[in-house]
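Data block below; observations after.
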Amino acid sequence: MFNKVLIINRGDSASRVIRTLNKMKIASVVVYSEIDADLPYIKEATESYAIGPSPAQKSYLNQDVLLDVLQKSGADAVHPGFGFLSENADFAQKVENTGAKFIGPSPKWLSKMANKNVARAIMSKYGLPIGKGSGKLSDNPDEIKKVGRDIGFPVLVKPAGGGGGIGMLPAYNEEELLKVVQEARTMAQRAFDDGELYLEKYFEKPRHIEFQVLADQHGHVTHFFERDCSIQRRHQKLIEESPAVGLDRNEINQLADKITEILADIGYDNIGTVEMLRDSQGHYSFLEMNTRLQVEHGVSEEINGIDLVEAQIRCAAGEQLETIVNNQKAPNGHAIEVRIYAEDPKTFFPSPGKLLKFSAPTIDGIRVETGFAQGTTVSPFYDPMVAKVIAHAETRQEAIAKLLSALKHFEIVGIKTNIPFLIDVLNSDKYQLGQLNTGFVKEFLNTIGEKHAHS
């Protein structure tokens, strides 16, 4: 097992990994940019290092500085958390070249599966259903337009690396496509240090169903059922739950088994999430694979009774999967996660600022993940997520009720948040009935607008 792990992330991501390392009695090293110097989890780590200015490119994405901290700290492993360099194969290889272990898929699989173009080709070869799309997108405007025509509008422009919905933009015609490609390339380069893009057919209102998987280094792969992540705004997930409501259990388990068989066959070797779209006719198509721990991993932990961060670390240390997990035959209850963002609930504009008051409720069956505390600052430099709230109960309705109670008892002063919006969604008839798709939020906002117009 590792003696000391360097965490190259921030916020709730760093806090989450530190908690498990402390439980495992493994020393933790955390890094922080100038604006993050006062965040509470820094004191929870064994060691901490300042890594420079607030912009991510000059701190959390600065590979030379991070590798320098790795050397100075004497850490024998690196945990990337979620986001930033977590799916960067070049950085993972640099870590392994020092003799330290990158806690995630090996650089080989990061290179293949974290690149969405390559992942689509692999999954298609092994028989997983896949939607129409392109390979690596050219810089030539005429070629870009031709690819869009061949796929058929509307299309979705997507970064080949990274995740979190960053740089994913729809285009409905050729003129819009060229503008969107330029915008997406800039966003991807800034967020992931990788401007490669591709196109895929844009489905207006599918369900977004993803499968949590874990593999060891000995050819064994398992899954922890599925999550429904259909409640999104601009491809950024807002509410995630497991199991997915209203789907055939046998059908979904067969798909999960097929995915694990493919990953075992190719030799995948750590944590990951296989994301699928389910259209209105019930047909599934492979979307992408996230080769990292995901923000929404907590809902899978709750219904499976497992610490996925610990399992991921133990797999990276070379342990056999059978010594780490006891697979359940069915999900235990229902879990739902909501993401609290620092944003105006009416306009969705970011609302950074100092948390003059920040108090989370203590409720049985409610788990709060955050990297902030009262008196700290939500920065404009990073993703504006303030906290994740996860409810676990025997039934979906009970989980919704717990979440609503928790959200109503949060005290956050100094910034605006999307809590009022989340409460409205959870209370809506369509959400309560499980009528979910990726167009849910847009339709919901239109409905609210119409009500205000006639009131």
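Overview of values
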| read-out | value |
| --- | --- |
| Residue check for Pro350: modelled with pLDDT under 95 and surrounded by 19 or more Cβ atoms within 10 Å (Cβ to Cβ) | no |
| Region 293-307, residues that are in contact with a Phe, Trp or Tyr (Cβ under 7 Å, 6 or more places away or on another chain), open to solvent by less than 10 Å² (accessible area, probe 1.4 Å) and either assigned to a loop (DSSP other than H, G, I, E, B) or acidic (Asp, Glu) (or both) | Leu293, Gln294 |
| Residue in region 224-245 that is over 21 Å from the mean Cα position of the chain (by Cα) and either open to solvent by 10 Å² or more (accessible area, probe 1.4 Å) or over 28 Å from Tyr126 (Cβ atoms) (or both) present | no |
| Matching residues in region 333-347 - criterion: being in contact with a Lys or Arg (Cβ under 6 Å, 6 or more places away or on another chain), crowded, with 17+ Cβ neighbours inside 10 Å and acidic (Asp, Glu) | Glu337 |
| Selection within region 185-221 - over 21 Å from Gly167 (Cβ atoms) and over 19 Å from the mean Cα position of the chain (by Cα) | Lys205, Asp216, Gln217, His218, Gly219, His220, Val221 |
| So Glu310, is it open to solvent by 20 Å² or more (accessible area, probe 1.4 Å), assigned to a helix (DSSP H, G or I), in contact with a helix residue (DSSP H, G or I) (Cβ under 7 Å, 6 or more places away or on another chain) and in contact (Cβ under 8 Å) with a residue 40 or more places away in the chain | yes |
| Cross-chain or 6+ apart pairs with Cβ under 6 Å, region 213-232 first and outside any strand (DSSP E or B), then at pLDDT below 95 and open to solvent by 10 Å² or more (accessible area, probe 1.4 Å) | none |
| Leading residue by the ranking (most open to solvent (accessible area, probe 1.4 Å)) among those in region 144-160 that are outside any strand (DSSP E or B) and among the aliphatic types (A, V, I, L, M) | Val147 |
| Identity of the residue in region 118-143, open to solvent by less than 60 Å² (accessible area, probe 1.4 Å) and out of contact with any strand residue (DSSP E or B) (no Cβ under 8 Å at 6 or more places or on another chain), that ends up nearest to Gln254 (Cα to Cα) | Gly127 |
| Meets criteria (closer than 30 Å to Ala100 by Cα, at pLDDT below 95 and not small (Gly, Ala, Ser)) for Glu296 | no |
| Top-ranked residue in region 64-92 [being surrounded by fewer than 16 Cβ atoms within 10 Å (Cβ to Cβ) and more than 15 Å from Thr291 (Cβ to Cβ); ranked as nearest to the chain's Cα centre (by Cα)] | Asp64 |
| Single unsatisfied condition, Leu287 versus (1) under 16 Å from Arg227 (Cβ atoms); (2) at pLDDT 95 or above; (3) not in a helix (DSSP H, G or I) | (2) |
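Here is a yes/no grid of residues against (1) touching a Pro at 6+ places or on another chain (Cβ under 7 Å); (2) at negative phi; (3) among the β-branched types (Val, Ile, Thr):
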| residue | (1), (2), (3) |
| --- | --- |
| Asn250 | no, yes, no |
| Thr260 | no, yes, yes |
| Tyr268 | yes, yes, no |
| Leu287 | no, yes, no |
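A quick yes/no check of all residues on (1) open to solvent by 10 Å² or more (accessible area, probe 1.4 Å); (2) within 13 Å of Gly81 (Cβ to Cβ):
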residue: Met1; (1), (2): yes, no
residue: Leu6; (1), (2): no, yes
residue: Gly11; (1), (2): no, yes
residue: Ala14; (1), (2): no, yes
residue: Ile18; (1), (2): no, yes
residue: Lys23; (1), (2): yes, no
residue: Ala27; (1), (2): yes, no
residue: Ile35; (1), (2): yes, no
residue: Leu39; (1), (2): no, no
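Listed here are the residues, each with its yes/no results for (1) within 22 Å of Trp109 (Cα to Cα); (2) of a type outside the set (A, V, I, L, M); (3) without any contact (Cβ under 8 Å) to a residue 12 or more places away in the chain.
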residue: Lys132; (1), (2), (3): no, yes, no
residue: Asn140; (1), (2), (3): no, yes, yes
residue: Val147; (1), (2), (3): no, no, no
residue: Phe153; (1), (2), (3): no, yes, no
residue: Val157; (1), (2), (3): no, no, no
residue: Leu178; (1), (2), (3): no, no, no
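The values are calculated or read from the model by the stated rules, or taken from the named source; none is laboratory data. None of the values given here were measured: they were computed from a predicted structure. As a convention, Cβ positions derive from the backbone with ideal geometry for all residues, glycine included, and neighbour counts pool all protein chains shown. When the accessible area is computed, the model is the full protein with side chains, heavy atoms only, and any ligands, DNA or RNA have been set aside. Shrake-Rupley method; radii C 1.70, N 1.55, O 1.52, S 1.80 Å.
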